[in-house]
Amino acid sequence: MADLSPRSEISFLQTFLCSAFAACFAEFCTIPLDTAKVRLQLQKKAVPGDGAGTPNYRGLLGTMATIAREEGLAALWNGIIPGLQRQCIYGGLRIGLYDPVKIFLVGSAFIGDFPIFHKILAALLTGALAIIVANPTDLVKVRLQAEGKLPAGVPKRYTGSLDAYSTIVRQEGLGALWTGLGPNVARNAIINAAELASYDQVKETILKIPGSTDNILTHLLAGLGAGFFAVSIGSPVDVVKSRMMGDSTYKNTFDCFVKTLKYEGFLAFYKGFLPNFSRLGSWNVVMFLVLEQAKNVFRV
């Protein structure tokens, strides 16, 4: 993957800063799509006799329009503060550690192109490690995004991200900040591996086409490929993660998986696929474009 190889001339700290900045920029640009995705994933299928009404959200654009109409345009950016906090930690670590871990796996004396297996394994490890550190920010982000329009007189659970952190710790205990850690580690390790490895392979394939160059169009296509591959593989664990973090009625990850499958069917694990891909596809394009340009600043 261009600019993510061990031959890069910039340091770990510079890579971390570039990655954190690129991830935060992409997060700000695409979080309305993520908010729509979370609402769609948390929306449960109506079961006859349970008192549930017609689903409030329908489709990507419909969900965004409903949120903007009922809660105001700014509601689409609910969770942006913990979202940026998450990307500073998670985005910086997962990419910043990717090259060092990859070199460790193959050995410092290795010469040539890295095998795809080692790329995937390195991304799995860095994705898992990074999200273990960043899980509290992810939890607060999902909790804030999950809050819809409330009836008159009913206060919101949290007034902001800092209040959310303190309220969760006070009411549920410090360990609650790592609620959903299991599916979150699985989801982010898998998606990180899919993003980094597929970006690598798609870009290499494009550059082998006669006349192709390492330009913005190449980065755009590789980023879209990385996003589609990541969502296709990671969507089931992403749905379980969102439900575990947004709904405390589930006992554990397995309970959430079984109940979702039993009451809503297998396709429920791909609920919100379009907004998820729209978000991750555009997120990857923006992130990789900004990342490569940011790294060039340090090379001057």
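Any chance you could check the Cα centroid distance between segment 72-125 and segment 133-199 for me, in angstrom?
Going from one Cα centre to the other spans 19 Å.
Quick one: ranking LEU129, LEU121, LEU13, LEU139 by accessible area, 1.4 Å probe, largest first, what do you get?
On the way: LEU129 90, LEU121 55, LEU13 110, LEU139 0 Å².
Largest accessible area first, the residues go LEU13, LEU129, LEU121, LEU139.
Enter the accessible area per residue of segment 193-300 (Å², integer; probe 1.4 Å; all protein chains in place).
Numbers: 4900 Å² over 108 residues.
Using a 1.4 Å probe on heavy atoms only, each residue of segment 193-300 averages 45 Å².
Can you grab the distance from the C-alpha centre of segment 285-300 to the C-alpha centre of segment 226-253, Å, no decimals?
30 Å
Quick one: dipole size for segment 164-241, taken about the Cα centre, charges +1 on Lys/Arg Cβ and -1 on Asp/Glu Cβ, in debye to the nearest 20.
Working: 5 positive and 6 negative charges, 31 e Å.
Roughly 140 debye, rounded to the nearest 20.
Output the Kirkwood hydrodynamic radius of segment 241-291, Cα pairs only, in Å rounded to one decimal.
Working: mean 1/r = 0.0784 Å⁻¹.
Across segment 241-291, the inverse of the average 1/r is 12.8 Å.
Could you bin all the Cα-Cα distances of the chain into 20 Å bins starting at 0 and give me the percent of pairs in each, rounded to whole numbers?
Pair shares across the bins are 33, 55, 11, 0.
Give the dimensionless ratio obtained when the Cα radius of gyration of segment 159-257 is divided by 2.2 N^0.38 Å. Can you show the working numbers first?
Working: Rg = 18.8 Å, N = 99, 2.2 N^0.38 = 12.6 Å.
So the Cα radius of gyration is 1.49 times the expected 2.2 N^0.38 Å.
Relative contact order for the chain: what is it in percent, counting Cα pairs under 8 Å that are at least 6 residues apart?
Rounded, it is 27 percent for the chain.
How big is the C-alpha Rg of segment 204-300 next to the rule-of-thumb value 2.2 N^0.38 Å, as a ratio? Intermediate values should be presented prior to the final figure.
Details: Rg = 18.3 Å, N = 97, 2.2 N^0.38 = 12.5 Å.
Scaled against compact globular proteins, the figure is 1.46.
For the ranges 16-25, 110-119, 173-182, what's the packing order if you count other beta-carbon atoms within 10 Å of each residue, average per peptide, and put the highest first? Walk me through the numbers on the way to the answer.
Details: 16-25: 21.9, 110-119: 13.0, 173-182: 16.1.
Ranked by mean Cβ neighbours within 10 Å, highest first: 16-25, 173-182, 110-119.
When only the heavy atoms of the protein chains count and the probe is 1.4 Å, how do VAL297, VAL185, VAL142 rank by accessible area, highest first? Kindly include the intermediate steps, with their values, before the conclusion.
On the way: VAL297 100, VAL185 35, VAL142 5 Å².
So, going from the largest accessible area down, we get VAL297, VAL185, VAL142.
Report, in order of residue number, the helices in the chain meeting two criteria: a C-alpha extent of 24 Å or more along the helix axis, and a mean Kyte-Doolittle hydropathy of at least 0.5; treat each whole DSSP H run as one helix.
Numbers: long enough: 12-42 (37 Å, 1.01); 116-146 (38 Å, 1.21); 181-207 (38 Å, 0.17); 216-246 (38 Å, 1.10); 273-299 (38 Å, 0.44).
Qualifying helices: 12-42, 116-146, 216-246.
Can you give the calculated 222 nm mean residue ellipticity of the chain, where each DSSP H run of n ≥ 4 adds -39,500 (n - 2.57) and the sum is split over every residue, rounded to the nearest 500 deg cm²/dmol?
Working: 11 runs with 204 residues, N = 300.
Taken over the chain, the calculation gives -23000 deg cm²/dmol.
May I ask you to evaluate 6.51 cos²θ - 1.76 cosθ + 1.60, the Karplus curve with θ = phi - 60°, for each residue of segment 85-92 and list the ³J(HN,Hα) values in order in whole Hz, giving x for glycine and proline?
After applying 6.51 cos²θ - 1.76 cosθ + 1.60, I find 4, 4, 5, 4, 7, 5, x, x Hz.
The values are calculated or read from the model by the stated rules, or taken from the named source; none is laboratory data. As the structure is a prediction and not an experimental result, all values here were calculated from the model. Note that we place each Cβ from the backbone using ideal geometry, even for glycine, and neighbour counts take in every protein chain shown. The area values use the complete protein model at the heavy-atom level, side chains included, leaving out ligands, DNA and RNA. Shrake-Rupley method; radii C 1.70, N 1.55, O 1.52, S 1.80 Å.
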